[in-house]
Structures are given as C-alpha cells and as structure tokens.
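Read the structure below first, then the notes.
Read-outs: derived from the displayed coordinates by stated rules, not from any lab. Keep in mind the model is a prediction, meaning the values are calculated, not measured. So basically every Cβ, Gly included, is an ideal-geometry build from the backbone, and we count neighbours across all protein chains shown.
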Amino acid sequence: MGQNDKSTSNTFPWKEILGVLGVVLAAYIGYLGIRSQIEIPIQATQTAQANNASDIVKLPTIAPSTTLIPTITPTANVGAYNGLENDCIESKFWAPYIQNEVLYPSDKECLELFDFGISTQNNKLLFSVSNTNKYLTKGIYTSVLPNTEISFTVLVSTPKKYSAQFSYMGFGIGDANSEPVKGGFLYYRIDEAPANTIETGDWWGTFTNKVMQKYSLNQEYDIIFSIGNNDFSIFVDGILVGTYNLSSKQDFFWISYRVPPDGELQVSISNFTIKSK
C-alpha cells in the first residue's frame, strides 16, 4: 500500500499540460485571424492610394497676368451710321479713352460716360466738363476705313467762367487707339474772344498748332473728314483746312477734349454720320 501511494504521487501531469497548451494555441490562432482581418484592408487601402497617386497629374501654377488689358477696337461701319442712336453711345462702335489710363472693354450695350462729362440727348453728343483740379484729356474713338466720309456739326457754348489757361475740343484721325503719333487733328480753342480759334495740329501734347480761322461761340459749324485710300482732308463749312496722310495700319477717328484746372467746356455735336463715299 505504501508503494502504490508513492507511484501515484510521482506520475507527470501530462493531461493538464496538454489542456493548457491547447487553450493557448487556440487563442493564438484566433489572434492571427483578427489581425489578418485588420491588416489586409489597410494594406489594400494603401495600395489603392498609391495607385491613385500615380495617376494624379500635377497642374502647373499659373502666375497672375501683369499684362494690361487694352481698350477695344471698334469696327467702323461702312454704311451711314453713327453709333449714337436712341441716346446710346454704343460700345460696339465707340470706345472710351482717358490719358495715361488703361480702360477695360465694356460689357454693356451703351457706354456710361457721365464721369467723363460725355452723354447723349436727342441723338446729340454732349460734352460738359467743369471744375477740374488737374488737366483732363478724355474722349471716345472708333476705327475708320478708307473711302469713307465723317461729317458732323459742332457748337461750342459760352463757358460760365474762363480759366487762366484755355480748353480745347479736338477731332481727328490718328494711327493708334492710344496716344497717336501720326495723323491730323482739328482743335477748337476755347478762350475769351477774340482768341477763339480753329486750329490744326498733331495729337495732344505733341502738336504745334496752325491757326486756320476764328470762330464764334454759340454758332454751329459743319465739319467733314473726307478719307481716301492714302490720305484724308478736313473741311470747316466747306473750306479745306488741312490734308494728312493715313498710316500704313489701322486708323482711328477721335473726339476728345483737354480741360485745364478750373477750366470749363460745353460742346454739342449733332448730325454725326460715317458713311462710305
């Protein structure tokens, strides 16, 4: 009996150890299954992102443009037309101008030039400028074609006041839509009588005027620009006052003014027409 007890106490517990190992192994296998469920989607997502990244095309960075937008270049109408009907300065026909400034093309049918002192009424083009604190040079222009005739009637009203320097109202044809170098212009010098004169010359600031004749305030004068193939002539009440060459490129017809500080100008232009000869 003593020997049997000794034999029993010395037996190795294989059964218990194997049971513990089985539990551990099952837990490890379960862990691997959970890990694979987590890692496989992550790897798939990373792979997809990498593939998508390889398909992305990087767009170049576009720096803001520093190029000034030029004014529009209206196309002259070869029929009898003026672009001033129904009290509208038509933007498809006329473009505005301010000296030393860049103007953006208008997206409106009619130019709004009240700040210029320019408006229309009863198909007349009206210029009304006063109380300026600096020299102002503003106006409108349109392109012209050879073998056309531009005619209109000008009336310069008596200013309410006179500046120490005189104002000018100008009409002419030049070789550019900004600061023409070549061309010919007709100017009304607005000053106290008898200094009111009609003169001819070049573009503002570059001309040496030639006095053609005196004129009277509040009186209408008929002006004609007769344009040929290579030159054009200017007439005042049927009298030829100047002939000038056209440029070798596009030419533009200008209506503009120059008013000094504390100056004033009141001008009415009627019966304006551009027509083919």
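With R₀ fixed at 30 Å, the C-beta to C-beta distance from residue 88 to residue 229 puts the FRET efficiency at about 0.40. Scattering from the stretch 85-276 was approximated by placing one identical point on each alpha carbon and applying the Debye formula without solvent; log10 I(q)/I(0) at 0.15, 0.17 1/Å stands at -0.89, -1.18.
With Cβ to Cβ distances under 15 Å as the rule, what net charge do the other residues near residue 226 carry (K, R +1; D, E -1)?
My count for the surroundings of residue 226 gives -3.
Each residue of the stretch 162-170 was assigned a 3J(HN,Hα) from its phi angle through the Karplus expression (A = 6.51, B = -1.76, C = 1.60, θ = phi - 60°), giving 10, 8, 5, 10, 8, 9, 10, 10, x Hz with x at Gly and Pro.
For residue 132, the residues whose amide H sits under 5 Å from its own are 262, 263, ignoring neighbours fewer than 5 places away on the same chain, with H placed 1.01 Å from N.
Please compute the net charge surrounding residue 119, taking Lys and Arg as +1 and Asp and Glu as -1 over other residues with Cβ under 10 Å from its Cβ. Display every interim value, and only then the final one.
Details: positive: 124; negative: 87, 112.
Charge balance near residue 119 sits at -1.
Less than 5 angstrom separates the built amide H of residue 172 from those of 186, 254, all sequence-distant by 5 or more or on a different chain. Please find the FRET efficiency linking residue 237 to residue 119, where r is the Cβ-Cβ separation and R0 is fixed at 30 Å, and quote it to the nearest 0.05. Taking R0 as 30 Å, the efficiency between residue 237 and residue 119 is 0.70.
Can you give the local net charge around residue 216? Use residues other than it whose beta-carbon is closer than 15 angstrom to its beta-carbon, Lys and Arg +1, Asp and Glu -1.
Details: positive: 189, 214; negative: 191, 192, 220, 222, 237.
That works out to -3.
For residue 120, nonlocal amide neighbours, meaning residues 5 or more places apart or on other chains whose placed amide H falls under 5 Å from its own, are 126.
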